[in-house]
Amino acid sequence: MTLVTFLTLGFLLGMRHATDSDHVVAVTTIVSRERSVRSASAIGAFWGIGHTVTIMVVGGAIIVFGLAFPARVTLSLELSVAFMLVVLGLANVLGVGRRPDAPAGKPHRHGFGAHPRLRSLAIGVVHGLAGSAAVALLVLATIKNPAWALVYLFLFGIGTVVGMMLITSAIAIPLAYAARQFSSWNRHIGRLTGMGSVALGLFLVYQIGFVDGLFAGAP
């Protein structure tokens, strides 16, 4: 495999990485409050940017300085993603961040519901922390030149941004249509996505804590 082919593969794998279930559920929970496809696409882009920044910083440190994360630290970072899914889901189920008198589907831009793009950026950073070590170590084992390894990580991140923009746009199209045609549906969709986020978050807590052994003596 040539270097150009490998770097292209990094971009495509980044797009594929955006489709991981926890990523899709997290952005869907946020996008369910939006009524604009353009706004939803921007939310996906900010998620991808946050993810890419973390991948570059943490993954770059692993590649350049040879840092290593203990299993307990890695699992703890993954657990933070699970807790975040639970919090996001509960916010949607309980309607946190939306005024009682606001039209259905129109988010309240104060408190928890303020600045959904910045919230998406922060969520992307957390997701990047949880997965950056595995991605960087995979690159380190394949590309021996640190400079090219960093280029790979960057292209992987760009692919993640593009993939998440496409995913959020695809999710937003039917949601935006339903919100315009049936205003009450948007509130129900938000609650359904919230329940899905809570369910996945709790499942991941069990998986990471008990199956993978974070809560045990030797994870």
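The values are calculated or read from the model by the stated rules, or taken from the named source; none is laboratory data. For clarity, every value in this text was computed on a predicted model and none was experimentally measured. We place every Cβ from the backbone using ideal geometry, glycine too, and count neighbours over all the protein chains shown. SASA here: full protein model, heavy atoms, side chains in, ligands and nucleic acids out. Shrake-Rupley method; radii C 1.70, N 1.55, O 1.52, S 1.80 Å.
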Rank V86, V73, V27 by mean-square fluctuation in a GNM of the chain with C-alpha springs under 10 angstrom and give only the top-ranked residue. V73
Computed accessible area, L3, all protein chains, 1.4 angstrom probe, square angstrom: 70
Would you look at the GNM of the chain, springs on alpha carbons closer than 10 Å, and say which of H115, H17, H51 moves the most? H115
Which of E34, E78 is most accessible, then next, and so on - probe 1.4 Å: E78, E34
Between the modelled labels at S80 and S21 (7 Å from Cα along Cα→Cβ) the distance in nm is 2.3
Alpha-carbon Rg with Dmax, taken over segment 117-219, Å: 18.7, 55
Using Cα atoms only, what is the angle between the long axis of helix 37-54 and the major principal axis of the chain, expressed in degrees (0 to 90) to the nearest 10? 30
Kirkwood hydrodynamic radius, computed over distinct alpha-carbon pairs, for segment 24-92: how many Å, to one decimal? 14.0
Scoring the chain by relative contact order with C-alpha pairs under 8 Å, at least six apart, yields a percentage of 43
Nearest 10, in degrees from 0 to 90: the angle of helix 146-181 to the longest Cα principal axis of the chain is 10
Go from 0 up to the bin containing the longest alpha carbon distance in the chain, width 10 Å each, and give me the % of pairs per bin. 9, 32, 32, 19, 7, 1
Report, in degrees rounded to the nearest 10, the 0 to 90 angle that the Cα long axis of helix 3-17 makes with the longest principal axis of the chain. 30
Would you mind telling me which residue in A172, A26, A71 has the biggest mean-square fluctuation in a Gaussian network model of the chain, where springs connect alpha carbons within a distance under 10 angstrom? A71
